[in-house]
């Protein structure tokens, strides 16, 4: 399995919080449970202002097959169902809950018993009803990945513990602290998909995690693979190429090459759901960057406003000039801390003025660095130039839709070109053209 | 607590490599070659370099002003590099005003007319060199005889080894003594020629620096040099009377300068490794054909300019196979 994925870059991994054990926080005064925190149709609210809700109680149902349900992270009162701050910077409809501090648990017994005995088909339903989405960042509904069509047999499950984004250490800590839960989820996934083999993929900068996973009682067919550090190895298609040499066909999914990839956090959440009936109401995230007084890995309720997390951990050392939702390579810049933690929030990074190199975007000098690092073998400079000069119809010819927006091209660009921004703009223009 | 945050697109971290890193890196790599030029051609060499660099910067500033642009490109190092490369392509006794004309052609016509750094299809310094060669053939081919550490501005002129060989071939029907001379002089620079045509060793040292610093990749210099060596070697094996040995071809003329510093210009050479190899082989083949069968004794600049013109089409046909698409073999079956 000594493969390598194509291209890639070596940003400084800055995993400063990797020795900080996962810890909890005081509950927030308000929880903002956005109806759009996953890929797919928004969830449909099932509660309204004034309703009392209990911990784990379903409060929103899936708005389609590719969608998901939401559950109350604690007991309290629904204050409103109204547009609220969202990491995207827009206001998006959310269920706002005021916790009562009692943490009273919803009676799950009227739902059929969760548990291993019920078998793979029932597990899928439990996972769907538990609102589980991919926790690596993309937040794709997990039950969809667990339901491949009949003609796509799955021979291998990959537990993605790569965590190739710099600064983020949530998955690393989870592997160190709860390897059994990850392996439990992995076993469930193997059973549900009929896969005989599974690999836990870990990058070489987390040797302790690999050690812990290896020492754990691995189910039959499961192995731990240590991969050389390289961004974006955690991207599904790149990870599959690195592990097996298989290339997911263009426009296809990992299931097209017989593989399903699940983030280690997602696997642990699947384990909770099936064995304990616990829906996804919290997640582990990394608070990092140079500004936080209390950088670390925190278990937080979904919906917790970011301000609360920062205040609870001692605030910032100084004024922030860059706030990032997620990692520095693919994360989104935030205008403020009003938005909440969503199921896809892997981290919050904060930097002060002058810490990130100021950019001076200039014309492409055709050095070719972007072409050599592009994991999709695209010509990012051409895509960037075409989008800049508004030659949108030509973007398709250069396979713009195969771009995974990993940012490797912009990372190496000596002319500081915002290639990812150009490409996103180009994709949006193409979509608009199709719509007309 | 929050001041104003920057809403920049991802990625939020960037490598430290910038245009300046590359440009000043190439300038540093040229210094050993420039020093050898200064050692053998004295003050004149320094004069040509100074005039060329200053004139390139001045014309860059002037054109930027006319185009209504800000002056920041002056600091990116590209004009200085063009000036230095142009100087390396000139004989040290060239009249000062010709150097100035060359700088105007390089920066004005070779680069800014197209929109500045990044948009020029041809290597600006080579556009200027060829312009001067065609316009002022006598001044451009009267090379001073090297005189170590001479600070006199008077010089005796002579031909380059490649020129001597061509003359001998035309007059006597054989490559003559020049072609079979010891390689020591051309290696250390003790021969007639433009500033960057002498001192193959010092120039190659700079080239290796560029490779080690990863400012350039091996594709172009290696394919260029191997092609010249291989092709001239075949001809030499066929008829050593009419053709000089391949080692002679490697160390004389502008080959080392061209292969490491001019053909590798990012803007005017192909993007992919495969494209670069095609480009390098093309440069090598055209150089050999001009040297062996053409009217000019030296063909490196013409070869690179011709391949510059071929760069867009090379790029078009060497696009990498996109991830997830069938390989050529798979597509056939």
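The values are calculated or read from the model by the stated rules, or taken from the named source; none is laboratory data. As the structure is a prediction and not an experimental result, all values here were calculated from the model. Positions of Cβ are generated from backbone atoms using ideal geometry, with glycine treated the same way; all protein chains shown enter the neighbour counts.
All but one of (1) touching a residue at least 12 places away in the same chain (Cβ under 8 Å); (2) out of contact with any helix residue (DSSP H, G or I) (no Cβ under 8 Å at 6 or more places or on another chain); (3) surrounded by fewer than 23 Cβ atoms within 10 Å (Cβ to Cβ) hold for residue A:362; state the number of the condition that does not hold.
Going through the list (1) touching a residue at least 12 places away in the same chain (Cβ under 8 Å); (2) out of contact with any helix residue (DSSP H, G or I) (no Cβ under 8 Å at 6 or more places or on another chain); (3) surrounded by fewer than 23 Cβ atoms within 10 Å (Cβ to Cβ), residue A:362 breaks only (2).
Taking strands (runs of 3 or more DSSP E) that do not extend beyond the stretch A:22-92, which have at least 3 residues that are under 24 Å from residue A:332 (Cβ atoms)?
A:31-34, A:76-85
Of the conditions (1) in contact (Cβ under 8 Å) with a residue 60 or more places away in the chain; (2) not assigned by TED's automatic domain parsing to the domain that holds residue B:186, residue B:173 satisfies every one except a single condition; which number is it?
(2) is the only condition that residue B:173 fails.
Run down A:435, A:354, A:347 and say which single residue is at pLDDT 95 or above and more than 10 Å from chain B (Cβ to nearest Cβ). Break it down into steps so the answer makes sense when it comes.
Values: A:435 fails: at pLDDT 95 or above; A:354 fails: at pLDDT 95 or above.
Going through A:435, A:354, A:347 in turn, the sole match is A:347.
Of (1) under 21 Å from residue A:28 (Cα atoms); (2) at pLDDT 95 or above; (3) surrounded by fewer than 24 Cβ atoms within 10 Å (Cβ to Cβ), residue A:285 satisfies all except one. Which?
Checking residue A:285 against (1) under 21 Å from residue A:28 (Cα atoms); (2) at pLDDT 95 or above; (3) surrounded by fewer than 24 Cβ atoms within 10 Å (Cβ to Cβ), the one that fails is (3).
Inspect all residues belonging to the stretch A:382-395 and state whether any of them is modelled with pLDDT of 95 or more and at the interface with another protein chain (Cβ under 8 Å from one of its Cβ atoms).
no
Take the residues of the stretch B:302-333 that are more than 23 Å from residue A:368 (Cα to Cα) and more than 14 Å from chain A (Cβ to nearest Cβ): which is modelled with the highest pLDDT?
The extreme case among them is B:302.
Taking the criterion of being surrounded by 20 or more Cβ atoms within 10 Å (Cβ to Cβ) and within 30 Å of residue A:79 (Cα to Cα), would at least one residue in the stretch A:379-390 satisfy it?
No, the stretch A:379-390 has no match at all.
Can you tell me which residue among A:310, A:248 is within 14 Å of another protein chain (Cβ to nearest Cβ), in a loop (DSSP other than H, G, I, E, B) and modelled with pLDDT of 95 or more?
A:248
Can you tell me which residue is surrounded by the most Cβ atoms within 10 Å (Cβ to Cβ) among those in the stretch B:55-109 that are within 14 Å of another protein chain (Cβ to nearest Cβ) and assigned to a loop (DSSP other than H, G, I, E, B)?
Restricting to residues being within 14 Å of another protein chain (Cβ to nearest Cβ) and assigned to a loop (DSSP other than H, G, I, E, B), the top hit is B:77.
Please work out which one of (1) surrounded by fewer than 22 Cβ atoms within 10 Å (Cβ to Cβ); (2) out of contact with any strand residue (DSSP E or B) (no Cβ under 6 Å at 6 or more places or on another chain); (3) within 12 Å of another protein chain (Cβ to nearest Cβ) is the condition residue A:294 fails and give its number.
(3)
For residues in the stretch B:281-293 being in contact with a helix residue (DSSP H, G or I) (Cβ under 9 Å, 6 or more places away or on another chain) and either without any contact (Cβ under 8 Å) to a residue 24 or more places away in the chain or within 14 Å of chain A (Cβ to nearest Cβ) (or both), which is surrounded by the most Cβ atoms within 10 Å (Cβ to Cβ)?
Applying the first criterion (in contact with a helix residue (DSSP H, G or I) (Cβ under 9 Å, 6 or more places away or on another chain)) to the stretch B:281-293 yields B:281-292.
Checking which are either without any contact (Cβ under 8 Å) to a residue 24 or more places away in the chain or within 14 Å of chain A (Cβ to nearest Cβ) (or both) leaves us with B:286, B:289-290.
On the way: B:286: 21, B:289: 14, B:290: 19.
Step by step, filter the stretch B:281-293, then rank; the result is B:286.
Among the numbered criteria (1) surrounded by fewer than 22 Cβ atoms within 10 Å (Cβ to Cβ); (2) part of a helix (DSSP H, G or I); (3) over 21 Å from the mean Cα position of the chain (by Cα), which one does residue A:192 miss?
So the condition that residue A:192 fails would be (1).
Within the stretch A:132-143, is there a residue that is farther than 27 Å from residue A:348 by Cα, assigned to a loop (DSSP other than H, G, I, E, B) and out of contact with any strand residue (DSSP E or B) (no Cβ under 7 Å at 6 or more places or on another chain)?
No - not one qualifying residue is present in the stretch A:132-143.
Looking at the stretch B:250-270, can you tell me whether even one residue there is more than 15 Å from the chain's Cα centre (by Cα) and either at pLDDT below 95 or on the phi > 0 side of the Ramachandran plot (or both)?
No.
Please work out which residue is nearest to the other protein chains (Cβ to nearest Cβ), limiting yourself to the stretch B:110-137 and to residues that are surrounded by fewer than 16 Cβ atoms within 10 Å (Cβ to Cβ) and either in contact with a strand residue (DSSP E or B) (Cβ under 7 Å, 6 or more places away or on another chain) or part of a helix (DSSP H, G or I) (or both).
In this case the residue turns out to be B:114.
At pLDDT 95 or above and touching a helix residue (DSSP H, G or I) at 6+ places or on another chain (Cβ under 7 Å), is that true of residue A:297?
Yes, satisfied.
Within the stretch B:21-43, track down each residue that is within 14 Å of chain A (Cβ to nearest Cβ) and either in contact with a helix residue (DSSP H, G or I) (Cβ under 6 Å, 6 or more places away or on another chain) or not in a helix (DSSP H, G or I) (or both).
Residues satisfying the conditions are B:23, B:26.
Just checking, how many residues over the stretch A:228-245 are buried (at least 24 other Cβ atoms within 10 Å of the Cβ), assigned to a helix (DSSP H, G or I) and at the interface with chain B (Cβ under 10 Å from one of its Cβ atoms)?
Residues that pass the stated criteria total 2.
Matching residues to (1) at the interface with chain B (Cβ under 7 Å from one of its Cβ atoms); (2) under 29 Å from residue B:72 (Cβ atoms); (3) more than 24 Å from the chain's Cα centre (by Cα):
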| position | (1), (2), (3) |
| --- | --- |
| A:363 | yes, yes, yes |
| A:368 | yes, yes, yes |
| A:372 | no, yes, yes |
| A:379 | yes, yes, yes |
| A:423 | no, yes, no |
